[in-house]
Amino acid sequence: MSYQTVFEIGPIFHYVQNSRKTMDVWGGSFLFSYLMGKVAQKIIELTTKDFNHPEKVIESPFFHGNNLFLWITNPGNSKNEIAAGSIPDQILCRHNKPDMPQKISLEFQNILNEIFEKSKNTLIQKYYYYNEDTSTLAQQQLKDYFRLFWVTRKADESDDWEEMLRAIAARGRIYLFNTFDDSVNQVESKSEKCSLCGNYKSVITLKKTRRGNKDEPLCAVCTIKRGLLLYLKQQLKLTPFLSTTSIAAKVIRDILENNYEMIKKDINTFVRDFLESDAIDDELNALEGKEINNLLKNYQSKEVIFHLPYEYYFSDNPIAQKFKEAIKEKIKIKEVDRVWFNSGYYAIVSMDGDDTGKLFNILTDKDQKIRLSAAIAAYSEK
């Protein structure tokens, strides 16, 4: 007996909506691609076990040439170069295992727990931290937040997917409310609540040593948001992406580059004074100071403009302000005042989206869908 099953994951929009940084936006999209890649891996393990021909069980998406899927299923033979999350939030599969969807649902919780542990341990390596034994609470939060839902039916090989896609859309609007321990959401004080989303009780607290930065309590969901990308950067060659501050500082950086010969002494003085100042009187900033010293050793001064952390351009530190005034005095152009903001807050107010999913669902021919899926995967790897 043959079965059709559609898997879908969420809540993507809500997860990305709560982002504060471009890293969170990129990482949020990547996370759901990564999760669906793990789900696809489990589907193949429970059915054909043929990772060289995933199309035998998964009709959509098309996985050939997808570097992310190749790394998930066979990391030893992958390129380890990932440009973006290239696996969509929906998987269509045709199989003969009636209990496969239930097994995938159970395995999904194990996948989340594994990702949480990797994210948490990576954050622990970067920051001092303190936490209690909160593994059970973390598992409750992950189960409560992330949704892997599915619809399945007995089907002939000739049955199309139109009715199933309507069914999964309807299923996505249904939320199952489970009874869980009050500790998942209820907190006795603000200090116990996740500082990023504010929805759950914190399970770990990042103890920041940077002066002026408060400790950051995080729930299990936001631990993944903050830590997974850092973990993957240790495993993969990820295509770099611009932070919000780097976008804000681009015009300033271009001015510094174009006027380098006039201001190179000021740049060297700024870097030297900053490293010798009270701004690095604690351990975390001292580590950052060592990184900048390495930059000065490995790059010519002009290249330091491209590698210096953008936060230094916007710092309220008196040395950074002195640097700004020196540049204004030397360059004497209005753009310095206009683009060198005094505010410490920056935001991306508009981001692009596409309707690729709608385009994909319009196609009825299987070969057309395979070609489109392959083209999307190839484009995302550029």
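The values are calculated or read from the model by the stated rules, or taken from the named source; none is laboratory data. Just so we're clear, the structure is a prediction, and the values are computed from it rather than from any experiment. Glycine also receives a Cβ, built like all others from the backbone with ideal geometry; neighbour counts cover every protein chain displayed. Accessible surface areas use protein heavy atoms only, side chains included; no ligands, DNA or RNA. Shrake-Rupley method; radii C 1.70, N 1.55, O 1.52, S 1.80 Å.
Sorted on the mean count of surrounding Cβ atoms within 10 Å across their residues, most packed first, peptides 59-65, 95-101 read 59-65, 95-101. Computed from backbone phi with θ = phi - 60° and the Karplus coefficients 6.51, -1.76 and 1.60, the 3J(HN,Hα) list for the range 41-46 is 4, 5, 4, 5, 4, 8 Hz; x is used for glycine and proline. Using 0.36 nm per residue and subtracting the Cα-Cα separation, the extra length available between LYS250 and ASN18 on full extension is 81.0 nm. Checked against a 19 Å cut-off, the cross-linked pairs LYS21/LYS214; LYS103/LYS154; LYS21/LYS143 give Cα-Cα distances beyond that limit for LYS21/LYS143. Rolling a 1.4 angstrom probe over the protein heavy atoms with all chains in place gives the range 1-65 an accessible area of 39 Å² per residue. Between ASN52 and ARG153, the contour length at 0.36 nm per residue exceeds the alpha carbon distance by 33.7 nm. For the pair GLU261 and GLU325, the difference between a 0.36 nm per residue extended length and the Cα-Cα distance amounts to 21.3 nm.
The apolar share of the surface of the range 29-128, taken as the fraction of accessible area on carbon and sulfur atoms (1.4 Å probe, ligands and nucleic acids excluded), comes to 47 percent.
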